[in-house]
Amino acid sequence: MNRKTHALLAALIAGTFASASAASFAQTTSDTPTAADQKAAKEQSKADKKAAVAQANADKKKTEAQSDANEAAAEAKLKNAKKAD
């Protein structure tokens, strides 16, 4: 092999190691959460809690409405049964 081929191979090998090193560095830095990541996680947690409370309130209202409807239906049945006598 001549000098140009050796220089080209050396440059390719050096470039490969540099790319692998940069990828390794990027992976290790992305593993640790940043302050922005932590803030986003905290805000998401707050939003999840608010959503859970809102869902619980909606479920409670639905249950109360169903209870009221069941009570009205029972009263109507009772009234109809009394009329039948």
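The values are calculated or read from the model by the stated rules, or taken from the named source; none is laboratory data. Because the structure is predicted, anything quoted here is derived from the model rather than measured. We place every Cβ from the backbone using ideal geometry, glycine too, and count neighbours over all the protein chains shown.
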Inset, instruction - Mind listing whichever residues of segment 1-11 are exposed (fewer than 10 other Cβ atoms within 10 Å of the Cβ) and either touching a Phe, Trp or Tyr at 6+ places or on another chain (Cβ under 9 Å) or at pLDDT 70 or above (or both)? - result: N2, R3, K4, T5
Legend entry - Output for segment 39-85, where each listed residue is hydroxyl-bearing (S, T, Y) and within 15 Å of the chain's Cα centre (by Cα): S45
Legend entry - In segment 24-47, residue modelled with the highest pLDDT [restricted to those that are surrounded by 10 or more Cβ atoms within 10 Å (Cβ to Cβ) and among the acidic types (D, E)]: E43
